[in-house]
Amino acid sequence: MSTRAVEFVETWVSEQIEEMDELPAQGNDATAKKLASQCVQAALDDGVPATEIQDAFDDLAAFIGNEIEEERERREGKDEDDDEMFSDEDEEEDE
């Protein structure tokens, strides 16, 4: 397995997902497939052969889909934390 390919893909994918203001709907495989294609092209442009990515990732689109779902969980958890924080502030103001 190519460490270079893994590092490239993980970095590229995380940057793309972080830039998304809104994540695609759950189960939207089209976005993951599109990002997988773009990722392979970006890797080629950066000198990472597609074969190294294919060796490192059995299903790049599935990997990206999982990363999107993890980001969704992080964002939902953050929103819940924000709601709790504001709720606590409201309660303190009422006292």
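The values are calculated or read from the model by the stated rules, or taken from the named source; none is laboratory data. All of these numbers come straight from a predicted model, not from anything done at the bench. So basically every Cβ, Gly included, is an ideal-geometry build from the backbone, and we count neighbours across all protein chains shown.
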Which residue pairs have Cβ atoms closer than 8 Å, lie 6 or more positions apart in sequence or on different chains, and pair a first residue in region 29-44 that is under 14 Å from Arg4 (Cα atoms) with a second residue that is small (Gly, Ala, Ser) and buried (at least 20 other Cβ atoms within 10 Å of the Cβ)? Ala43/Ala5
Flagged pairs (Cβ under 8 angstrom, 6 or more apart or on separate chains; first in region 1-23, under 13 Å from Glu71 (Cβ atoms); second outside any helix (DSSP H, G or I)) are Ile17/Leu23
Output for region 45-54, where each listed residue is under 13 Å from Glu7 (Cα atoms), part of a helix (DSSP H, G or I) and either modelled with pLDDT under 95 or of a type in the set (Asp, Glu) (or both): Glu52
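Can you tell me which residue is surrounded by the fewest Cβ atoms within 10 Å (Cβ to Cβ) among those in region 27-67 that are acidic (Asp, Glu) and in contact with a helix residue (DSSP H, G or I) (Cβ under 8 Å, 6 or more places away or on another chain)?
First, the residues of region 27-67 that are acidic (Asp, Glu): 29, 45-46, 52, 55, 58-59, 67.
The next check asks that each one be in contact with a helix residue (DSSP H, G or I) (Cβ under 8 Å, 6 or more places away or on another chain); those that pass are 29, 46, 52, 55, 67.
On the way: Asp29: 13, Asp46: 10, Glu52: 18, Asp55: 13, Glu67: 18.
Out of the qualifying residues, it is Asp46.
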